[in-house]
Amino acid sequence: GFDGSEIVYVDDFLPTSGQTTPPPNEGCNDYVLNLSLLTDNYGEESSWQIRDTLGNTASSASGYASNT
């Protein structure tokens, strides 16, 4: 479990739980994701995406300031 103080580096990560659909009576509104991004000297090259199990982009952002 994370307590919110960790730094996690993820690059081309794909979960491997084998589960392809959410459990019954659960939807995306049942979960919260907090993303903290610390950029390097090339923040404009930084980006992230959250995709669903079908590969559709649910959320994304890019083009950040450097060293922030």
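The values are calculated or read from the model by the stated rules, or taken from the named source; none is laboratory data. Just so it is clear, the model here is predicted, and its values are computed rather than measured. Cβ sites come from the backbone with ideal geometry, for glycine too, and all protein chains shown count toward neighbours. Keep in mind that these areas ignore ligands, DNA and RNA; they rest on the heavy atoms of the full protein, side chains included. Shrake-Rupley method; radii C 1.70, N 1.55, O 1.52, S 1.80 Å.
If you filter region 41-59 down to residues that are small (G, A, S) and open to solvent by 70 Å² or more (accessible area, probe 1.4 Å), you find that the one that is farthest from Y31 (Cα to Cα) is S47. Close contacts from region 32-48, counting a first residue that is without any contact (Cβ under 8 Å) to a residue 24 or more places away in the chain and a second that is β-branched (V, I, T) and outside any helix (DSSP H, G or I), with Cβ to Cβ under 6 Å and a gap of 6+ residues or different chains, come to S46/T39.
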